[in-house]
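The values are calculated or read from the model by the stated rules, or taken from the named source; none is laboratory data. The model shown is predicted, which means the values in this text are computed figures rather than measured ones. We place every Cβ from the backbone using ideal geometry, glycine too, and count neighbours over all the protein chains shown. When the accessible area is computed, the model is the full protein with side chains, heavy atoms only, and any ligands, DNA or RNA have been set aside. Shrake-Rupley method; radii C 1.70, N 1.55, O 1.52, S 1.80 Å.
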Amino acid sequence: MTDDTDPAPEWRNFYGRRSGKTIRKSQRTYLSEDLTTLCPAGVSRADNPERAPLDLTAIFGDDRPVWLEIGFGGGEHMVHMAATYPEVGLIGCEPFINGVAMLLGKIRLAGVTNLAVYPGDARDLLDVLPAGSLTRAFLNYPDPWPKRRHHRRRFVTQDHLVPLARAMAPGAEFRVATDIPDYVRQTLAEVPKAGFDLVGNGVTAWDDWISTRYEQKALREGRAPHYVTFRRR
Ligand SMILES: C[S@@+](CC[C@H](N)C(=O)[O-])C[C@H]1O[C@@H](n2cnc3c(N)ncnc32)[C@H](O)[C@@H]1O
């Protein structure tokens with residue numbers, strides 16, 4: 001199949017450039033068949049240059065609570081949350097196209113319908129989420145950027161946290177899981193500055209947690225998980 005006949009060539013081209021990876025034919029099928037319905041219109045800058053807020057009621061079909069997962073990786077946590085909380089709408093973003101394809105496969109297997117997917121950068125999505133629209137957000141094993149000169153690329157910087165705080169309702173919960181002690185340090189220093197209070201910081205997972213691919217890798221390599229919880233002021 002050539003680019004000209006692919007029903008969703010723009011996604012393949014976009015991610016081909018970003019990740020430098022080839023998308024397998026089976027994954028391409030998921031992308032073209034499922035992403036069309038799961039990806040809300042109006043998130044990308046090309047689609048929505050004015051950055052008008054998304055209509056979450058139209059996306060989920062009613063006024064249900066909406067939760068966000070940033071960087072869902074292979075999607076196991078996102079599908080688990082969607083299945084555990086069918087009364088909630090889950091919106092997730094992930095720029096790694098093979099991760100998006102894995103999520104789409106898991107959505108098919110689980111038969112969950114309360115999800116929306118943005119195959120791109122969290123900042124694009126945060127820009128267009130209505131103010132105060134989220135009641136929970138998950139940041140599971142964000143890219144660690146271990147070198148000191150790269151710490152400013154971490155998600156837990158004000159460039160990301162201020163838009164996240166704007167999108168979250170007062171009292172909303174923000175969960176961060178990481179295996180990197182210096183990431184915990186930066187999280188504890190930066191997240192409260194953006195308008196959150198720390199409500200939990202431990203090595204015991206949340207009751208409804210499901211271990212992710214990245215957590216399994218960390219455990220195999222001998223790194224201990226940290227589970228940090230904040231509440232939006
Ligand atoms: C270390 S992986 C963890 C994946 C998954 N959450 C897990 O626990 O297995 C970090 C993920 O964050 C994604 N990511 C990095 N920057 C991002 C951004 N700006 N917006 C959304 N996702 C991002 C990466 O593509 C990657 O899949």
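Points worth noting:
- Among the residues making up the stretch 107-130, those that are free of Cβ contacts under 8 Å to residues at least 60 places away in the same chain and open to solvent by 30 Å² or more (accessible area, probe 1.4 Å) are L109, A110, G111, T113, D121, R123.
- Under the condition of being within 24 Å of V176 (Cα to Cα), more than 16 Å from the ligand (Cβ to nearest atom) and open to solvent by less than 50 Å² (accessible area, probe 1.4 Å), the residues counted in the stretch 57-71 number 1.
- With respect to the conditions (1) closer than 24 Å to A58 by Cα; (2) within 9 Å of the ligand (Cβ to nearest atom); (3) in a strand (DSSP E or B), A177 falls short on a single one, namely (1).
- A count restricted to the stretch 181-229 and to residues that are open to solvent by 30 Å² or more (accessible area, probe 1.4 Å), aliphatic (A, V, I, L, M) and more than 26 Å from Y85 (Cα to Cα) stands at 4.
- Scanning the stretch 185-233 for residues that are within 20 Å of the chain's Cα centre (by Cα), within 15 Å of the ligand (Cβ to nearest atom) and among the hydrophobic types (A, V, I, L, M, F, W, C) gives A205, W206, W209, I210, A218, V228.
- Residues (over 22 Å from M102 (Cα atoms) and assigned to a loop (DSSP other than H, G, I, E, B)) located in the stretch 203-233: V203, T204, A205, W206, D207, E221, G222, R223, A224, P225, R233
- Any hit, the stretch 86-93, residues being within 11 Å of the chain's Cα centre (by Cα), over 17 Å from W209 (Cα atoms) and either open to solvent by 10 Å² or more (accessible area, probe 1.4 Å) or near the ligand (Cβ under 9 Å from one of its atoms) (or both): yes
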